Amino acid sequence: MRSIQDDYLSRAEAGKFTTEDALALYEIPSFLFSLADKLRKKSVGDDVTYVINRNINFTNMCIGTCKFCAFKKQDGYIMPIPEILEKTRAAVDINATEVCIQGGLLPDWDVFNYCEIMESIKNEFPQLHIHAFSPMEVFHAAENSNMSIKETLSCLKKSGLGSMPGTAAEILADRVREEICPDKLTTHEWIDVVRTAHRTGIPTTATIMYGHIETLRERIEHILTIRELQKKTGGFTEFVPLPFMPLNNMLGTGMNVSRGIEDLKLHALARVLLYPSIKNIQVSWVKLGRGLAQSALDCGANDLGGTLMEEKISKSAGATSGEYMAPQEFERLIMEIKRVPKQRDTLYRHVNGF
Ligand code: SF4
């Protein structure tokens, strides 16, 4: 006779896990973890990947009003192009294959400012992959340039944009967005930017920022929205759960957040709900810390993200895990849990680097 667990397994394997399935499975963590681990192994085997990259946050000034933001400053900086190039050079010197560029929303910046950054980098480092600009930044650039999203993305691609971080997703539910980031693009607008990027040949990651005012059902529905979009476009490279960091921001005031089982359950749920549409579930070592990141790798995750070199956004909101992790440290963490370290590029191609 088939058990309930067999039913869950076959629905997950068929990519047909529902909200109700996920709500029920959430209550049985031991089974959730073993199912997620099984599906991770079927998707990618025992490899655990990481990328050598550098974050460059070109400005911390912003006209946004997100209540969870600890990054923006009234009297902040705007990084001149020569400084961006200097940071890029330092990244290339440690064999980085990617620079990840994001910043606040400057009131007078249009698409040409964003293109200028990429053209300057590509001019000096034509081989380097530029992973840049959230859907919110693209939306902002389009508005300020009186251009459509499609035209804006085409300009960015021509200037060297290789892929985009799927940040600014937070929780894709307008009830939540109105509370935590009322001036940000809506769920529908986020999906529109990302879908258009995929159709323009720009892959993106997908993220979720969880652990604030959202319900479990809203988390699950967010992940299912990503799954449906992936079925249509195939443009997501990975899914990255990002826990809310409560320090130095309005939303976190009075909130006491502890990391642990809830984080592991979310990574596991993501694996189960996104199987087999999205193969890569990334765990953020910056936000979770090294030990919990290792545990997440046993609960469905298979990627540790990037070396980063510089990490301002999480650090300003209370992350204490550091701003750089050397490739040797990634290799050690991965081998410690008896998995196989593999350096990758942004698009998950194997790199014979380290
Ligand atoms: S999260 Fe981004 S868009 Fe929102 S206020 Fe901060 S820097 Fe601006």
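Pairs over the 29 Å Cα-Cα cut-off, from the set K38/K287; K157/K338; K41/K265; K72/K157; K16/K72; K16/K315: K157/K338; K16/K72; K16/K315. With the simple model of a label 7 Å out from the Cα in the direction of the Cβ, T215 to N146 spans 4.5 nm. Each of K158, K87 was scored by other Cβ atoms within 10 Å of its Cβ. Listed from fewest to most, they are K158, K87.
Along the range 8-18 the Karplus relation, 6.51 cos²θ - 1.76 cosθ + 1.60 evaluated at θ = phi - 60°, assigns HN-Hα couplings of 4, 4, 6, 5, 5, 5, 7, x, 10, 5, 9 Hz to successive residues, with x for each Gly and Pro. Our analysis of the range 256-354 gives Rg over Rh at 0.95, with the two radii drawn from alpha carbon positions and Rh computed by the Kirkwood formula. For V48, nonlocal amide neighbours, meaning residues 5 or more places apart or on other chains whose placed amide H falls under 5 Å from its own, are V340, K342. Against the empirical curve 2.2 N^0.38 Å, the C-alpha radius of gyration of the range 114-272 lands at a ratio of 1.10. Applying 1/(1 + (r/R0)^6) with R0 = 41 Å to the Cβ-Cβ distance of E329 and R2 gives a FRET efficiency near 0.40.
Separation of the range 221-285 and the range 140-194, taken as the distance between their Cα centroids, equals 18 angstrom.
Once both labels are positioned 7 Å from their Cα atoms along Cα-to-Cβ, the gap between E178 and V351 label points is 4.4 nm.
For the chain, the longest principal axis of the alpha carbon atoms and the long axis of helix 327-336 meet at an angle near 0°.
The phi torsions of the range 248-255, fed into the Karplus equation with coefficients 6.51, -1.76 and 1.60 and a -60° offset, translate into couplings of 6, 9, 5, 5, x, 4, x, 8 Hz, rounded to whole numbers, with Gly and Pro shown as x. The stretch between S10 and I78 holds 19.3 nm of extra length on full extension. This uses 0.36 nm per residue minus the Cα-Cα distance. Applying 1/(1 + (r/R0)^6) with R0 = 51 Å to the Cβ-Cβ distance of E20 and V92 gives a FRET efficiency near 0.55.
The residues packed around C115, meaning those with a beta-carbon under 14 Å from its beta-carbon, carry a net charge of -2 if Lys and Arg are +1 and Asp and Glu are -1.
Over the chain, DSSP H runs of length four or greater, each weighted -39,500 (n - 2.57), average out per residue to a 222 nm ellipticity of -13500 deg cm²/dmol.
Sorted fewest first by neighbouring Cβ atoms within 10 angstrom, H140, H188 come out as H188, H140. Against the main long axis of the alpha-carbon atoms of the chain, helix 111-124 sits at an angle near 90°. Net charge in the neighbourhood of N146 (other residues with Cβ under 14 Å of its Cβ; Lys, Arg +1, Asp, Glu -1) is -3.
Here the Karplus curve 6.51 cos²θ - 1.76 cosθ + 1.60, taken at θ = phi - 60°, turns the phi angles of the range 87-96 into couplings of 5, 5, 4, 4, 5, 4, 4, 9, 6, 5 Hz, with x standing for Gly and Pro.
Once backbone amide H atoms are built at 1.01 Å from N, I101 has I56, H131, A132, F133 as its partners under 5 Å, excluding neighbours fewer than 5 places away on the same chain.
Our Cα-only numbers for the chain put the radius of gyration and Dmax at 19.4, 68 Å. Its residue count N sets the reference 2.2 N^0.38 Å, and the alpha-carbon radius of gyration of the range 224-275 equals 1.46 times that reference. Amide H contacts for G305 (H built 1.01 Å from N in the peptide plane; partners 5 or more residues away or on another chain; cut-off under 5 Å): V51, V283.
Every number in this text was worked out from the coordinates using simple rules, so none of it is lab data. Since the model is a prediction, treat every value here as computed from it, not as a measurement. Cβ coordinates were reconstructed from backbone atoms using ideal geometry, including for glycine residues, and neighbour counts include every protein chain displayed.
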